[in-house]
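One structure is given below, encoded as structure tokens.
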Amino acid sequence: MTFVSCSVDERYVNPLFEVFDGGDFILSSYRDVEDDLTTMQIFFQDPADAPRAAEALASAGAIVGLDLKPETGTIPDEDWKLSYRKHFKTEIISSRLAVVPEWEVAQFKAGNPTQRILILDPGMAFGTGQHATTHACLEYIDELAVENPDRSFLDVGCGSGILAIAAKLEGFRDVAGFDIDPDAVQNANENAEKNGLADSVRFVRGDLCNKSTLPDVHKTGGKQFDVVAANVLGPVLVRFASEIAPLVAADGRLILSGILEEVYPEVHAAYTALGFREVSSKLIGEWRTGLFAR
């Protein structure tokens, strides 16, 4: 197995996943608890693909303001498989919900028979619950489910589908998600199937720049959702505030995440100007997630 990799500060991990466009390449990441930096990696079988993979990673870095110099290496296939198991562990969200890799499900169930388990393919690092932004969103979903699960839920920019799948496992009644990337939509649907939710969670392609695609996330066009979560970059949340806001029903809740602490005031101002009020916020590392009410 061949790979290209580079190390970045944690604050750039989420932006890199957002802007990465590697075609068939899948970007992954891991961070050793004893290291201050996060390693970004792309794995592939054919060594001839190394220059193209390195260029894709460097291009993503340039978009977020980094001058990346990816390095190329090789590891035995078995070591590559085990490396995922080393860095993707069970993530406890609350006493009610945990994100569990497939190889740990049996052991986890034995010790936690009543806890809800969300199973994801760990081959895609972003959207596994380990990043601060995703973890905070999952905490809010869990809290809102305790408050009242009889709500509809929409995941804007669904990625792996983790937020929508969590919402359904927590008891939300009408759950959907959309993403501009068709590969993300496919991955989300596959993860829904892993959790036995293929028929109860809808993931489709949708584009905030093209409002005509958005009704596809509803059973009937024009429907709003009681809870909407958007875990994307802060500047994107600001730019598309006028498109995201109408998706939230009257008296609904809006979870906004993927926001660096210094950008949060700008996001806050954009949505309060549209009639939302902040209920609370969570700061994990340098990332702030806000819960807003309409």
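The values are calculated or read from the model by the stated rules, or taken from the named source; none is laboratory data. In this text the structure is predicted, and so the values were computed from the model without any measurement. When we count neighbours, we look across all protein chains shown, and the Cβ atoms used for this are built from the backbone with ideal geometry, even at glycine. Only protein heavy atoms, including side chains, enter the accessible area calculation; ligands, DNA and RNA are left aside. Shrake-Rupley method; radii C 1.70, N 1.55, O 1.52, S 1.80 Å.
Every residue, every condition in (1) more than 21 Å from Val232 (Cα to Cα); (2) open to solvent by 30 Å² or more (accessible area, probe 1.4 Å); (3) acidic (Asp, Glu), yes or no:
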| position | (1), (2), (3) |
| --- | --- |
| Glu10 | no, yes, yes |
| Leu16 | no, no, no |
| Asp24 | yes, yes, yes |
| Asp36 | yes, yes, yes |
| Pro51 | yes, yes, no |
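Does any residue in the stretch 92-104 that is open to solvent by 40 Å² or more (accessible area, probe 1.4 Å) come within less than 9 Å, Cβ to Cβ, of a residue that is at pLDDT 75 or above and assigned to a strand (DSSP E or B) six or more places away or on a different chain, and which pairs are these?
From residues that are open to solvent by 40 Å² or more (accessible area, probe 1.4 Å), the pairs are Ile92/Ala98; Ile92/Val99; Arg96/Arg116; Glu102/Ile119.
Would you pick out the residues in the stretch 198-222 that are assigned to a loop (DSSP other than H, G, I, E, B), modelled with pLDDT of 80 or more and open to solvent by 70 Å² or more (accessible area, probe 1.4 Å)?
Within the stretch 198-222, the subset assigned to a loop (DSSP other than H, G, I, E, B) is 198-200, 206, 208-209, 218-222.
Among the residues that remain, those that are also modelled with pLDDT of 80 or more are: 198-200, 206.
The answer is Asp199, and nothing else.
Can you name every residue in the stretch 33-76 that is touching a residue at least 60 places away in the same chain (Cβ under 8 Å) and in a strand (DSSP E or B)? Before the answer, list the steps.
The first filter runs over the stretch 33-76 and keeps only residues touching a residue at least 60 places away in the same chain (Cβ under 8 Å), leaving 68-76.
Selection gives Glu71, Thr72, Gly73, Thr74.
Restricting attention to the stretch 224-238, which residues are over 19 Å from the mean Cα position of the chain (by Cα) and surrounded by fewer than 17 Cβ atoms within 10 Å (Cβ to Cβ)?
Hit for the stretch 224-238 is Gln224, nothing else.
Within the stretch 268-294, track down each residue that is basic (Lys, Arg) and touching a residue at least 24 places away in the same chain (Cβ under 8 Å). Don't jump to the end; show me each part of the working.
Quick first cut of the stretch 268-294, residues basic (Lys, Arg) only: 277, 282, 288, 294.
Hits for the stretch 268-294 are Lys282, Arg288, Arg294.
Out of the residues in the stretch 242-267 that are over 29 Å from Gly171 (Cβ atoms) and without any contact (Cβ under 8 Å) to a residue 40 or more places away in the chain, which is surrounded by the most Cβ atoms within 10 Å (Cβ to Cβ)?
Going residue by residue through the stretch 242-267, those that are over 29 Å from Gly171 (Cβ atoms) are 242, 260-266.
With the extra rule that they be without any contact (Cβ under 8 Å) to a residue 40 or more places away in the chain, the set shrinks to 242, 261-266.
Details: Ser242: 11, Glu261: 14, Glu262: 11, Val263: 17, Tyr264: 20, Pro265: 12, Glu266: 13.
Only one residue fits best here, namely Tyr264.
Every residue in the stretch 149-184 that is on the phi > 0 side of the Ramachandran plot and crowded, with 24+ Cβ neighbours inside 10 Å, please. Can you show your working first?
Taking the stretch 149-184 and keeping what is on the phi > 0 side of the Ramachandran plot, we get 157, 159, 161, 171.
Within the stretch 149-184, Gly157, Gly159, Gly161 meet the criteria.
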